[in-house]
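Take a look at the structure below.
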Amino acid sequence: MDTVLVVDSTGRGHALCDLFTRTNPDMTVYYGPGCDVIDHPRIVPVPAISLTDPDTALEFLAGRPVGLVFVSNIDALSVGYVDRLRQAGHRVVGPTAAAAALESSKSRGKEFCADHGIPVPEFEVFTDPAKAKEYLRQLPYQCVVKTDGLTPDGDGSVVCDSTADAEAAVDRFAEEFGDTLALIVEERLTGQEISVFALLDGEHAMLFPTALDYKRTLEGDAGKNCDGMGSVAPHPNDSPELRDELRAALIDPLVRGLRAEGLDFTGFVYVGAILTPRGPVAIEINARFGDSEAEVVLPGVSSDFTLLCEAVLAGELPDHELVTDGLDRCSVALVQGCLDPASPEAAVGWPFGPFAVDQPVTGLDRPAADDVSVFCANVRRDATGTPRTAGGRVLHVVGTGATPALARDRAYDRIGSISFPGMRYRTDIGAAPAATTVTYAEAAGVTAGTAPTRK
Ligand code: AMP
Ligand code: GLY
């Protein structure tokens, strides 16, 4: 097999394309809709493919059949991309829409966990805001209020410090969703978060390295939840014992549950968990790799990924071993902030409010290096070939090293040579523990593109 189609358009999608081409020198990846800024002779963008319309992929495949299709974007998975392409006779890696509902409906994911012995926080599901408030007022612990469905910028969860915060979150979601409101109120856990990944062939799981995702928008883990501002891998708490524990507590019961419910799940599952004194507790099941965790985990993989996908399709994952380089990686997301940080009226930009797209990006033309990579997300070429910003998270800059500090230094050094108007990033990715705390109210004062304070 020497051609695949990857359906995605994020930094994660770029990292997957890189994995296929790097571990198989004969592989050409069609990447739809993909990203035309990626400068690689064997990664070919297919902008005509839409993430929400599998027929566009079928049209492409009719003219150019490929060895397999890898679907790694939740919007595509939720609309039944995998089901549709398989019905048309294609070889596809990815969960069906029914399996992807473990992510696209949080209540479905939680009920699945509870039914199959995967530890989850105490939770209740509501459609009536008054009942949700009545419930949360009598809770003896702090809670998290979540909307049931997918949200565009990953801000569908509000971690509450008080009952008043929680009631305000219920009101906000009630106003936003009206009659379609579905809410989850769950126990707020304390402990280190961890992103756990496994490749599934429907019967078996191959664990991939763990990562730590920096989900909050601002320095010191302040601000609000978003898709993520950066990641490090392996997770700082990683050890063989922890991996065994994660497999036993989360991944093995998940695979048993999928089998018991007859859910057809191939490809990557990503369990977001918290390491608590009572062991790992799952807070979310995702039906695809994490973004930006893919950018720090997948570059460390040296096993031929095409062979692993063949093993997934054959149900033969246990015949293979995952080979990784064991190095540390640190990824920092460069996002669209305000264009004039000096203005007191300036909004901080993504994901707080409006930002201006189409800003020219400079510094991407440096030759590739072993210890630093740039993964493209919301960036596109204009008619003159200039890369321009196209959305919230624009680029993910990844440093690699023998220690977490080296990896972090290399990522921030590379960022120094990239710029676009309004560029904003967290300066404390991989720095532990975060030193400063900026409140949500202070968000508008965040400056764009400041240098890291600590290395
Ligand atoms: P989710 O929308 O479920 O992916 O959650 C987004 C983020 O909210 C997580 O990465 C955590 O930082 C936080 N979070 C979600 N659920 C909980 C919980 N039960 N306890 C503490 N923090 C949580
Ligand atoms: N890393 C967060 C996500 O992929 O949802």
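Observations
- Straight-distance crosslink candidates among aspartates and glutamates, where the alpha carbon sits under 14 Å from Lys215 and sequence neighbours closer than 8 are dropped: Asp153, Asp155, Glu193, Asp227, Glu284, Asp291, Glu293, Asp428
- Distant-in-sequence amide contacts of Leu364, defined by a placed amide H-H separation under 5 Å and a gap of 5 or more residues or a different chain, comprise nothing.
- Residues in region 197-214 that a label on Arg256 would reach, taking backbone N under 18 Å of a point 7 Å out along Cα→Cβ: 201-207
- Using the Karplus relation 6.51 cos²θ - 1.76 cosθ + 1.60 with θ = phi - 60°, the per-residue 3J(HN,Hα) values for region 403-417 come to 9, x, 5, 5, 4, 5, 4, 5, 4, 5, 4, 5, 4, x, 9 Hz, with x marking Gly and Pro.
- Computed from label points 7 Å out along Cα-Cβ, the spacing between Tyr141 and Glu193 is 1.8 nm.
- Relative contact order %, region 34-130, counting alpha carbon pairs below 8 Å whose residues are six or more apart: 18
- Long-range HN-HN contacts of Asp36 with modeled amide H, under 5 Å: Arg381
- Percent RCO, i.e. relative contact order, over region 245-393, from Cα pairs under 8 Å lying at least 6 residues apart: 14
- With the Kirkwood sum run over all distinct C-alpha pairs, the chain has a hydrodynamic radius of 22.4 Å.
- Among Tyr270, Tyr81, sorting on how many other beta-carbon atoms sit within 10 Å of each Cβ, with the fewest leading, yields Tyr270, Tyr81.
- Overall, the ratio between the Cα radius of gyration of region 347-392 and 2.2 N^0.38 Å, rounded to two decimals, is 1.35.
- Estimated FRET transfer efficiency (Arg172, Asp2; beta-carbon r; R0 60 Å; 0.05): 0.75
- Along the chain, longest interval not containing exposed GluC sites (Glu not before Pro), exposed being DSSP loop plus at most 10 other Cβ atoms within 10 Å: 1-320
- Asp358/Gln87 FRET efficiency (R0 45 Å; Cβ-Cβ; nearest 0.05): 0.70
- Positive-end extreme of charge dipole, the chain - chosen from Val29, Ala76, Phe60 (charges on Cβ): Val29
- Glu316 sits among other residues whose Cβ lies under 12 Å from its own Cβ, and their net charge, with Lys and Arg +1 and Asp and Glu -1, is -4.
- On the beta carbon distance between Thr151 and Ala98, with R0 = 22 Å, the FRET formula returns roughly 0.55.
- Cα-projected label distance for Asp365 with Thr386, points at 7 Å along beta-carbon direction, nm: 1.3
- Per-residue 3J(HN,Hα) values for region 260-272, derived from phi via the Karplus relation 6.51 cos²θ - 1.76 cosθ + 1.60 with θ = phi - 60°, read 4, 8, x, 8, 8, 10, 10, x, 8, 10, 10, 9, x Hz in sequence order (x marks Gly and Pro).
- Each residue of region 77-93 was assigned a 3J(HN,Hα) from its phi angle through the Karplus curve 6.51 cos²θ - 1.76 cosθ + 1.60 (θ = phi - 60°); the sequence is 4, 5, 7, x, 3, 5, 4, 5, 5, 5, 4, 7, x, 8, 8, 10, 9 Hz, with glycine and proline shown as x.
- Between Asp264 and Arg278, the contour length at 0.36 nm per residue exceeds the alpha carbon distance by 2.0 nm.
The numbers here are math on the coordinates, done by the rules we state, and not lab data. Note that the structure is a prediction, hence the values are computed from the model and not measured. In this analysis, Cβ positions are derived from the backbone assuming ideal geometry, glycine residues included, and neighbour counts consider all displayed protein chains.
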